[in-house]
Amino acid sequence: MVAFDSLDALRAFVGQSVTSEAIVIDQPTINGFADVTGDHQWIHVDPVRAAAESPYKTTIAHGFLTLSLLPASYNTCFSFPNRKMAVNYGLDRVRFTGPVPSGSPVRGSFTLEKVDDLGPGEARCTWKAEVRVVGAERPALVALWLVQIRY
């Protein structure tokens with residue numbers, strides 16, 4: 001785990017990357033996400049139909065489910081002693097570039113691209129985030145994630 005106790009520590013990390021521990025996205029997680037979002041498309045929630053009709057031969061996680069796990073992955077990589085506050089500012093770019101089959105372990109990878117000063121003790125960090133199924137050649141998700149932080 002990398003600790004950032006100041007904005008200077010974040011600035012010193014620009015250009016570096018960390019990869020998270022694996023999180024398994026199983027069918028109960030996919031079904032729960034479908035219930036919360038109302039997205040019950042068969043490709044996500046019907047294993048029998050997916051086995052017969054899907055090109056993946058199994059159900060796959062929703063792209064937004066994969067995206068929603070960024071904070072969980074991020075929190076296994078970084079800590080922020082002395083931080084007063086952090087808020088999600090948004091996403092500049094999100095692409096779902098590959099499927100996440102049910103039961104797959106995924107890892108998040110985070111590269112700090114830049115730290116923009118906003119005022120005394122406050123900055124906006126731009127993270128290049130990728131989520132990859134363990135062993136897959138291509139990422140399942142790529143995004144630019146903006147987080148504002150105050151020390």
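The values are calculated or read from the model by the stated rules, or taken from the named source; none is laboratory data. In this text the structure is predicted, and so the values were computed from the model without any measurement. Using ideal geometry, Cβ is built from the backbone for each residue, glycine included, and neighbour counts are taken over all protein chains shown.
Quick look at the numbers
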quantity: Any hit, region 100-112, residues being more than 13 Å from the chain's Cα centre (by Cα) and within 16 Å of Phe13 (Cβ to Cβ); calculated: yes
quantity: Residues of region 68-121 classified as farther than 30 Å from Pro55 by Cα, without any contact (Cβ under 8 Å) to a residue 60 or more places away in the chain and hydrophobic (A, V, I, L, M, F, W, C), total; calculated: 1
quantity: Single match in Ala50, Ala86, Ala61 (criterion: surrounded by fewer than 17 Cβ atoms within 10 Å (Cβ to Cβ), among the small types (Gly, Ala, Ser) and touching a Phe, Trp or Tyr at 6+ places or on another chain (Cβ under 8 Å)); calculated: Ala86
quantity: Failed criterion for Gly90 (all others in (1) part of a loop (DSSP other than H, G, I, E, B); (2) on the phi > 0 side of the Ramachandran plot hold); calculated: (1)
quantity: Of all residues making up region 16-45, the number that are touching a Leu at 6+ places or on another chain (Cβ under 7 Å), not aliphatic (A, V, I, L, M) and not in a helix (DSSP H, G or I); calculated: 1
quantity: One residue from Gly121, Gly103, Gly90, Gly135 being touching a helix residue (DSSP H, G or I) at 6+ places or on another chain (Cβ under 9 Å) and more than 16 Å from Ile30 (Cα to Cα); calculated: Gly121
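Quick grid of which residues meet (1) of a type outside the set (Gly, Ala, Ser); (2) modelled with pLDDT of 95 or more; (3) closer than 18 Å to Phe96 by Cα:
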residue	(1), (2), (3)
Ile30	yes, yes, yes
Ala34	no, yes, yes
Arg49	yes, yes, no
Glu53	yes, yes, no
Gly63	no, yes, yes
Leu67	yes, yes, yes
Cys77	yes, yes, no
Pro81	yes, yes, no
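Residues checked against (1) under 13 Å from Val142 (Cα atoms); (2) modelled with pLDDT under 95; (3) β-branched (Val, Ile, Thr); (4) in contact with a Pro (Cβ under 9 Å, 6 or more places away or on another chain):
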residue: Lys57; (1), (2), (3), (4): no, no, no, yes
residue: Ser73; (1), (2), (3), (4): no, no, no, no
residue: Val87; (1), (2), (3), (4): no, no, yes, no
residue: Pro105; (1), (2), (3), (4): no, no, no, no
residue: Phe110; (1), (2), (3), (4): yes, no, no, no
